[in-house]
2 protein chains.
Amino acid sequence: MTSKNFVITIAREYGSGGRLIGQKLAEMLNIPFYDKEIISMAAEQSGFTEDFLHKHDQHKHWLNFLSNVFINNNNLPLTDQIYLAQCQVIKDMAEKSSCVIVGRCADHVLADHPRCVKTFIHAPQEQKIQRILHSYNEKVENPVAYAAKIDKERAAHYNYFTLGKWGKISNYNLTVDSSVGIDAAAEVIMVYTENFLKNHQ
Amino acid sequence: MTSKNFVITIAREYGSGGRLIGQKLAEMLNIPFYDKEIISMAAEQSGFTEDFLHKHDQHKHWLNFLSNVFINNNNLPLTDQIYLAQCQVIKDMAEKSSCVIVGRCADHVLADHPRCVKTFIHAPQEQKIQRILHSYNEKVENPVAYAAKIDKERAAHYNYFTLGKWGKISNYNLTVDSSVGIDAAAEVIMVYTENFLKNHQ
C-alpha cells in the first residue's frame, strides 16, 4: 500500500472479536500481528518474567499494592515500568515494519506516528456474550459480568496511562460494530487504511 | 444492494463534512438524500411554517419559553410537537424508499428499523475549522467557538429527545474520521453497508 511503514491499532470491547479482526487484517495485508507478543518482548527488555506480566499487567489494584512495596532502581511504580517497557516495544515494532497491534494503548503510544490508523471495535451485548460462550477458550460462569469487568479494567488501564478516555470517538479514525462480521469489519478497516495512506505518505 | 428498503443515518460534528459525505453516498447509491428537507415535510404535516421550524427547531431555550406561552391542542410543548412531526416524516421516508438521512436524531428514530446503518462523522479540530472557513456558506467570526456551540446544541437536542448520548460509540455501526476525505469516507460507509445488508435481509 505504501513503501513506508504503517500501523493499524485496534482497541476493542471484550467479546467484540477485535483480536480476530486484527488477525484477519494482518493476514490480508501480509504484515505482523501483535497482541500478547508485546508482553513477551516487553518482559525481555525490562527483565520481568513473561508469566508475571501476563498475569498482572492489567490488575492495577494488586499492582498498586505491590508497587508500594517493591520500587525498583528507577523509583517508578511497577505498573509504570511495565507500561513504559511496552511503549518502547510498540515503538520499536512500528519502526521495524508495518503491523497490526491489538490493545496496549497503542493508539496513544503511536499518537505522533504519521501513518497510524486507530480503530475501536465494539458489538451489541448479545453478540459479545455468544462469542465469549462459544468461541473463546475461557470458561466463564457469568459472561455479562465478566465482560463488564474486563472492559472496566481496560478502560481504567487506558485512562490511567494516557490521561484520555477509552472508547471516545475522537481517539479513533474508525470505530466498527463487528456484528457486520469479522471479515467484513476487516475489509472496512482496510478500505479506510488504503485511502488514509494515500494522504499520509 | 437489496430489494428491501435500507437507510443510512449520518450524525456529525459541525464542520466534519458529514452532510457532503451523505450527499456523496446518496449519489453513489442512487437513493434520496434528506437533511433540511425533513423540516419542510414536518412543517407541512404539522401545520408549522417552514421558516419557523428552520429558524428555531434546535434553539430549545427560546422554544421552551415559547412553549410555556403557546400550548396547542395536544397539550404538548412546541419543541416536542416539532420533534414528533419530524419522527413521523423520517419513518415515512424510510418506509417509502431507501435513503440517506443526515441529523435529526434519525439513528434513534429508526432504532427498530431492520436495515438501518447508523454512522457518526467527526474530524480533527483544525480540519473542521478549515472547512467552516473555506467551504461553508456562513460567515463565522470565531469558528472554534461557533463549532463548539453548534455541537453543544446538537448534543443537547439529541440527549433531550432520545434520553441517550450523542456521539457515544455504541449508538453507531460506524464512526468515521473524515480527514481521510469525503469520497473515501463515503466509500468506507458503502462497504460497511453492503456487508451489513447481506446479514439483514
Where A:Ile129 falls short, out of the listed (1) within 18 Å of the chain's Cα centre (by Cα); (2) over 19 Å from A:Gln23 (Cβ atoms); (3) away from chain B (no Cβ under 11 Å): (1)
Count of residues meeting criterion [under 27 Å from B:Tyr192 (Cα atoms) and in contact with a His (Cβ under 9 Å, 6 or more places away or on another chain)] in the range A:151-171: 5
Lone unmet requirement of (1) out of contact with any strand residue (DSSP E or B) (no Cβ under 7 Å at 6 or more places or on another chain); (2) closer than 17 Å to A:Trp166 by Cβ; (3) among the polar types (S, T, N, Q) for A:Thr119: (1)
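Yes/no matrix, rows are residues, columns are (1) in contact with a helix residue (DSSP H, G or I) (Cβ under 7 Å, 6 or more places away or on another chain); (2) within 8 Å of chain A (Cβ to nearest Cβ); (3) farther than 29 Å from B:Met28 by Cβ; (4) of a type outside the set (Asp, Glu):
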{"position": "B:Glu141", "(1), (2), (3), (4)": "no, no, yes, no"}
{"position": "B:Ala156", "(1), (2), (3), (4)": "yes, no, yes, yes"}
{"position": "B:Ile189", "(1), (2), (3), (4)": "yes, no, no, yes"}
{"position": "B:Tyr192", "(1), (2), (3), (4)": "yes, yes, no, yes"}
{"position": "B:His200", "(1), (2), (3), (4)": "no, no, no, yes"}
Which numbered condition A:Lys168 fails, given (1) surrounded by 17 or more Cβ atoms within 10 Å (Cβ to Cβ); (2) at pLDDT 90 or above: (1)
Cβ pairs under 9 Å, 6+ apart, first in the range A:130-148 and surrounded by fewer than 14 Cβ atoms within 10 Å (Cβ to Cβ), second among the charged types (D, E, K, R) and part of a loop (DSSP other than H, G, I, E, B): none
Residue satisfying all of: in the range B:91-129; of a type in the set (S, T, N, Q) and within 21 Å of A:Leu174 (Cα to Cα); modelled with the highest pLDDT among these: B:Thr119
Subset of the range A:156-201 [aliphatic (A, V, I, L, M) and either in contact (Cβ under 8 Å) with a residue 60 or more places away in the chain or not in a helix (DSSP H, G or I) (or both)]: A:Ala156, A:Leu163, A:Leu174, A:Val176, A:Ile182, A:Ala185, A:Ala186, A:Ile189, A:Met190, A:Leu197
Test set (1) within 14 Å of another protein chain (Cβ to nearest Cβ); (2) in a helix (DSSP H, G or I); (3) touching a residue at least 12 places away in the same chain (Cβ under 8 Å) - A:Phe120 fails condition number: (2)
Test: residue in the range A:184-198 that is surrounded by fewer than 23 Cβ atoms within 10 Å (Cβ to Cβ), at pLDDT below 90 and farther than 27 Å from B:Asp151 by Cα: no
Residue identified as away from chain A (no Cβ under 14 Å), touching a His at 6+ places or on another chain (Cβ under 8 Å) and not hydroxyl-bearing (Ser, Thr, Tyr) among B:Cys105, B:Cys99: B:Cys105
Check on A:Glu126, assigned to a loop (DSSP other than H, G, I, E, B) and exposed (fewer than 14 other Cβ atoms within 10 Å of the Cβ): no
Selection count where residues are facing chain A (nearest Cβ under 9 Å) and more than 12 Å from B:Ala11 (Cα to Cα), scope the range B:162-176: 1
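The values are calculated or read from the model by the stated rules, or taken from the named source; none is laboratory data. Keep in mind it's a predicted model, so treat the numbers as computed, not measured. Neighbour counts run over all protein chains shown; Cβ positions are idealised from the backbone, glycine included.
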